[in-house]
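The values are calculated or read from the model by the stated rules, or taken from the named source; none is laboratory data. Just so you know, these numbers come straight off a predicted model, no measurement behind them. Positions of Cβ are backbone-derived with ideal geometry, glycine not excepted, and every protein chain shown enters the neighbour counts. Note: accessible area is taken over every heavy atom of the protein model, side chains too, but ligands, DNA and RNA are not part of it. Shrake-Rupley method; radii C 1.70, N 1.55, O 1.52, S 1.80 Å.
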Amino acid sequence: MKFFIDTAEIAEIEKWAPTGFLDGVTTNPSLIKKSGRDMIEVITQICEITDTPVSAEVAALDYEGMLKEAEVLKKIAPNVCIKLPTTMAGLHACSTLTKQGVNTNLTLCFSANQALLVAKAGATYVSPFIGRLDDINLDGMQLIEDIRTIYDNYGFETQILAASIRTPNHVSDAALAGADVATIPASTLEKLVHHPLTDKGLEGFVKDWASTGQSIL
Ligand code: G3P
């Protein structure tokens, strides 16, 4: 499973890039707003840090506008992945960009039928929003399972990018459901490694090792 970081904060990307766990970056207009920075500058800076896929989202809602914005975004760096909403215009733009060999990420996917259309449009990634479905008492993880089944039934190559991840359980459950990628906020990435028994066990090993008076070096 690939791990993308869901952020427009440079410091978070700089922290995770050297760890070997960072397979990509996703941004969206809300994350750009939160950063308080100019979008083109931020995406350019992210692409200077990593050559992994960096999703940059169009703001236009119409087909022509999306393609014009995609032209600007894809010129930033070869690893920019054009993020489009799962609307008719977004799907149409996706089909066109796919024919041009441009990588795409179809966002705000909330149903299996939307995901089916996304695959038929030839998208590189589909982004089902798990947390936002859970927010309204629906089952976000069931959607990941359904998309996995449908894509496997037909051999679609679009990668399932589990998004709107809020908890460590979302990450492991998405992995169990067969998501290809999880895009994870930095705060949740931090939580993945922690286990109280690891901390307790290490404390005991450190104490016992010190009492042996030995040194490996
Ligand atoms: O990847 C999409 C993500 O940023 C949305 O997350 O928590 O705003 O639903 P959230």
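Run down CYS81, CYS94 and say which single residue is modelled with pLDDT of 95 or more and more than 16 Å from the ligand (Cβ to nearest atom). It would help to see each step written out before you state the result.
Working: CYS81 fails: more than 16 Å from the ligand (Cβ to nearest atom).
Of the residues listed, the single one that is modelled with pLDDT of 95 or more and more than 16 Å from the ligand (Cβ to nearest atom) is CYS94.
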Contact list, first residue from the range 169-196 and without any contact (Cβ under 8 Å) to a residue 60 or more places away in the chain, second anywhere and of a type in the set (D, E, K, R) and open to solvent by 70 Å² or more (accessible area, probe 1.4 Å), beta-carbon distance below 6 Å, six or more apart or interchain, is ALA177/GLU145
How about the range 1-36: which of its residues are away from the ligand (no atom under 11 Å from the Cβ) and of a type in the set (Ser, Thr, Tyr)?
THR19, SER35
Hey, can you tell me all the residues within the range 70-120 that are over 24 Å from LEU138 (Cα atoms) and of a type in the set (S, T, N, Q)?
ASN79, SER95, THR96, THR98, GLN100, ASN103, THR104
List every residue pair whose Cβ atoms lie under 9 Å apart, where the two residues are 6 or more positions apart in sequence or sit on different chains, the first residue falls within the range 78-107 and is free of Cβ contacts under 8 Å to residues at least 60 places away in the same chain, and the second residue, located anywhere, is of a type in the set (Asp, Glu) and assigned to a strand (DSSP E or B).
ILE82/GLU57; LYS83/GLU57; LEU84/GLU57; PRO85/GLU57
Residue that is under 23 Å from LYS99 (Cα atoms), open to solvent by 50 Å² or more (accessible area, probe 1.4 Å) and modelled with pLDDT of 95 or more, where the choices are GLU14, GLU9, GLU57, GLU71
GLU71
